[in-house]
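Heads up, the thing below is written out as structure tokens.
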Amino acid sequence: MVKEPARILVVGGGYVGMYTALRLQRKLKQELRRGEAEITIVTPDPYMTYQPFLPEAAAGSISPRHVVVPLRRVLGRCRVVVGQVRSVDHAARTATLDTLATEEEGTAPERITYDELVLAPGSVSRTLPVPGLAEYAIGFKTVEEAIGLRNHVIEQMDIASSTRDPAVRDAALTFVFVGGGYAGVEALGELEDMARYTTRYYHNLAPEDMKWILVEASTRVLPEVGEEMGRYTVTELRRRNIQVLLETRLESCTDRVAALSDGQRFPTRTVVWTAGVKPHPLLAATDLPLDERGRLRCTPQLTVDGADHAWAAGDAAAVPDVTAEKPGTTTAPNAQHAVRQAAVLGDNLAHALRGEPLETYEHRYVGSVASLGLHKGVAQIYGRKVKGYPAWFMHRAYHLSRVPTVNRKARVLAEWILSGLFKREIVSLGSLEHPRAEFELAAGGEPPHPPRQPENPF
């Protein structure tokens, strides 16, 4: 009698999804070769984005294509489906998804059946009902957003350089970042560095003409690196004439005016929203148990609590931290845990298919590193505090060691070497976002998005 292959469905192609599938490829090599197992990955994008490199991609230190890892190349023994899972009926072992084909043809969503489910859709930006936020703000979670923001910042400098209206100039050179975590601080630090360098090529712009503002609702920034390093970060940013407004919230950004809770109002054409993340909406469309924050309830073995043949890790999972002194503590939703959890998850899934005992995920958080721009950074590793150039070097070395594949490591390292030998790139390629605009204009029509918009596209 021919044994049916074990059908493994991995939802999500981020840290957990890609690394879990990669681990399964290695652990189930014989099973995959004999047709005893099948691995299917459903992901909105055919690549994994290495998010810690997004600030450097926005600043032009790394090419955008080297921040992403093509899943089809890395996961050669897996089936990669570009699509979006809409719901999961785990009791029936089925998932409903929209693919590019169903969207193009207008057909009904596909249904895929599975035996083992790895649910790792990650997180989405946590937005608040702030007036004007949907119309004018931009996030910083994807490579498209990072490059779009870079193009936008340089475009605002072009506008400020060419306008005769002082109000337009002031708004174009005012950049407001909301959120003092990793994404907000690193994006602000790298882009301010890039824009300050770029002003040397404008005859009528100077670094002091620009306003860079960081808005944070809590009492400190970068809580992951500790209170002392957080205070140092604020001091360093303020030395660069960056306004750091703590215990302050963005209340509105309508009509291109950022209104803050302390009463300040800044006319601006740039609002970057990095104020945290929340679990992916897909989790609410499953029949799996969730905690009070909307994450999947998991065991230390990375199974979904009370649901056989379901696994989860990363941002979408509430994984008990067995190293914590306080009972009920879960692991932090960061890349350090996600990558390590994915390895244990892949091993445990292979163990489960072979009837072997499962391993417990146990990793004590070793610390954090953050970049504040070129040659500037902060770090706290095993309780030791590092700042300035050594911290920046540690940041680059750590993430170079973690970015997947030798191919990407070599390309990133080569770009860092070249950027140290030559001048920064200061080109805005805004036309990449609307490649057909010139053709439609030449054909006698009105382009839906002109190559150069006088208005803020975000």
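Each value in this text was obtained by applying a stated rule to the coordinates, not by laboratory testing. Model, not experiment: these values are computed from the prediction. As a convention, Cβ positions derive from the backbone with ideal geometry for all residues, glycine included, and neighbour counts pool all protein chains shown.
With neighbours defined as other Cβ atoms within 10 Å of a residue's Cβ, the residues His375, His363 order from fewest to most as His375, His363. Between 0 and 90 degrees, rounded to the nearest ten: what's the tilt of helix 389-402 against the longest Cα principal axis of the chain? Computed tilt is about 40 degrees. Taking the C-alpha atoms only, the angle from helix 335-353 to the longest principal axis of the chain is near 10 degrees.
Taking 30 Å as the straight-line reach from the Cα of Lys29, the lysines in range (excluding those fewer than 8 positions away in the same chain) are Lys3, Lys409.
Per residue, the convex hull spanned by the Cα atoms of the stretch 274-338 amounts to 105 cubic angstrom. Between helix 143-162 and the chain, what is the angle of the helix's C-alpha long axis to the longest principal axis, kept within 0 to 90° and rounded to the nearest 10? So the helix axis and the longest Cα principal axis differ by about 10 degrees.
The stretch 275-334 and the stretch 187-265 have their alpha-carbon centroids 33 Å apart. Among Thr40, Thr199, the ranking by other beta carbons within 10 Å of each residue's beta carbon, starting with the fewest, stands as Thr40, Thr199. For Trp416, Trp212, the sequence from fewest to most other C-beta atoms within 10 Å is Trp416, Trp212.
Annotation: amide H of Thr330 within the under-5 Å range of Asp321, sequence separation 5 or more or interchain, hydrogens built in the peptide plane. Rounded to whole Å, give me the distance from the Cα center of the stretch 3-60 to that of the stretch 82-110. Between the Cα centre of the stretch 3-60 and that of the stretch 82-110, the gap is 18 Å.
For the stretch 1-47, trypsin sites (Lys or Arg not before Pro) meeting the loop criterion (DSSP other than H, G, I, E, B) and having at most 14 other Cβ atoms within 10 Å: Lys3, Arg34. For the stretch 251-379, the square roots a ≥ b ≥ c of the C-alpha gyration tensor eigenvalues yield an a/c of 1.5 or more together with a/b exceeding b/c, which makes the shape prolate.
No solvent, one uniform scatterer per C-alpha: report log10 I(q)/I(0) for the stretch 1-143 via the Debye equation at q = 0.09, 0.13, 0.14 1/Å, two decimals. Cα-only, vacuum Debye calculation for the stretch 1-143: -0.35, -0.69, -0.79. Remark: C-alpha extents of the stretch 243-311 on the principal axes read 54, 23, 17 Å, sorted largest to smallest. Of the trypsin sites (Lys or Arg not before Pro) found in the stretch 214-298, those in coil by DSSP whose Cβ has at most 11 other Cβ atoms within 10 Å are Arg293. Treating cross-link reach as a plain straight distance, find the lysines whose alpha-carbon is under 23 Å from the alpha-carbon of Lys278, omitting any fewer than eight places away in the same chain. Straight-line reach from Lys278, under 23 Å: Lys141. Debye-formula intensities of the stretch 72-164, expressed as log10 I(q)/I(0) at q = 0.17, 0.24 Å⁻¹, are -1.02, -1.23 (one equal scatterer per alpha-carbon, no solvent).
In the frame of its principal axes, the stretch 133-275 has Cα extents of 44, 31, 30 Å, reported largest first.
Applying the criteria of a DSSP loop state and at most 12 other Cβ atoms within 10 Å to the trypsin sites (Lys or Arg not before Pro) of the stretch 329-372 yields Arg354, Arg364. Across every pair of non-identical alpha carbons in the stretch 147-210, the mean reciprocal distance, once inverted, gives a Kirkwood radius of 12.2 Å. Spread over its residues, the convex hull of the C-alpha atoms of the stretch 319-426 is 141 Å³ per residue.
From the P(r) of the chain, could you give the percentage of C-alpha pairs in the tail past 44 Å? Result: 16 percent of Cα pairs exceed 44 Å.
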